[in-house]
1. Could you work out what % of the accessible surface of the chain is carbon and sulfur, using a 1.4 angstrom probe and leaving DNA, RNA and ligands out of the count?
2. GNM on the chain, C-alpha springs below 10 Å: top fluctuator among Ala22, Ala108, Ala154?
3. Using the basic label-point model (7 angstrom from Cα toward the beta carbon), what is the Asn130 to Leu244 distance in nanometres?
4. FRET efficiency for Lys160 and Ala37, Cβ-Cβ distance as r, R0 = 41 Å, nearest 0.05?
5. Taking the simple approach of a point 7 Å from Cα along Cα-to-Cβ for both His18 and Glu217, what is their distance in nm?
6. Most mobile of Arg27, Arg19, Arg194 per a Gaussian network model of the chain (Cα springs, under 10 Å)?
7. Filter the DSSP H helices in the chain by two things, a Kyte-Doolittle mean of at least -1.0 and an axial alpha-carbon span of 20 angstrom or more, and list the hits by number.
8. Write down the accessible area per residue of the chain in Å², having rolled a 1.4 Å probe over the full set of protein chains.
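The values are calculated or read from the model by the stated rules, or taken from the named source; none is laboratory data. All of these numbers come straight from a predicted model, not from anything done at the bench. Note: ideal-geometry Cβ built from the backbone for every residue, glycine included; neighbour counts use all protein chains shown. Note: accessible area is taken over every heavy atom of the protein model, side chains too, but ligands, DNA and RNA are not part of it. Shrake-Rupley method; radii C 1.70, N 1.55, O 1.52, S 1.80 Å.
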Amino acid sequence: MLGDIWTVFWRDWVVLKHRMTAFILSRMVAPILYLVAFGWGLGRSIQTAAGGSYLDFLVPGIMALNSMNISFNSVIQVHAEKVYHKSIEEYLTSPIWPHAFVIGKTLAAVLRGLISSAIIICLAYAFGANFTITPLFLLVLVLNCAVFAEIGFAAAMYIKTYEHMGQVNTYALLPMSFLCGTFFSTHTLPDALRWFIELLPLTHTSYLLRGIAMNQEVSLLSVGVLLLYLVIVFVIGSKAFLKLRE
């Protein structure tokens, strides 16, 4: 079982290793723009309710947003493997544990998300941010990467065309990017909208990362929501993959 998972993971790692320089450079562009525009530009005129700088408030949100996008987009390539390249058939016909493909792809996406997050941490400190990185902080990042990697995998399994995959980004990821506590507190939103937003996983990642970074109390509810998403989306994606093997 572990050998099967490692095989799937190792294939993605070999591809990433040969593209590591390009991957790192491309992952620096968006965080630098966010830090300059919101941290240095807009952030200089904003004071948070807790009295800290807006840059310190912003960085955990950027990390939540970035890990979501990187993990999701790392896995949606499975859609091309299924529909266009047909390379997924190698796994469908191989004698591996059925769930190994799902877990291996998820772990590869988590690795990409963590590498990208490490880049943001270095950039944030270079920009003068002040926040705390703990093992729990990293664990939440891993959990967020896994959740959105599995969401990307499930989407890749069910969606038929590449155009429809773009709609997932437009109607799901894009609204979460701006509304789920990444750039401002959700408590400023109308109650009806805020209750809906607090059902979304990225909101709870933003809560957790910001709370840990600022040495505040960790919400067990937010941890439970992310774990629930992890289990539900894994089941959905795995069932779709198993149907391909039938």
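1. Values: 8320 of 12130 Å².
Whole-percent figure for carbon plus sulfur exposure: 69.
2. It is Ala22.
3. 4.9
4. The value I calculate is 0.65.
5. Here the answer is 5.2 nm between the modelled labels.
6. Comparing Arg27, Arg19, Arg194 in a Gaussian network model of the chain, the most mobile one is Arg19.
7. Details: long enough: 2-18 (24 Å, 0.30); 20-34 (22 Å, 1.47); 54-75 (32 Å, 0.92); 100-126 (39 Å, 1.83); 135-158 (35 Å, 1.98); 220-245 (38 Å, 1.99).
Correct list, ordered by number: 2-18, 20-34, 54-75, 100-126, 135-158, 220-245.
8. Accessible area per residue: 49 Å².
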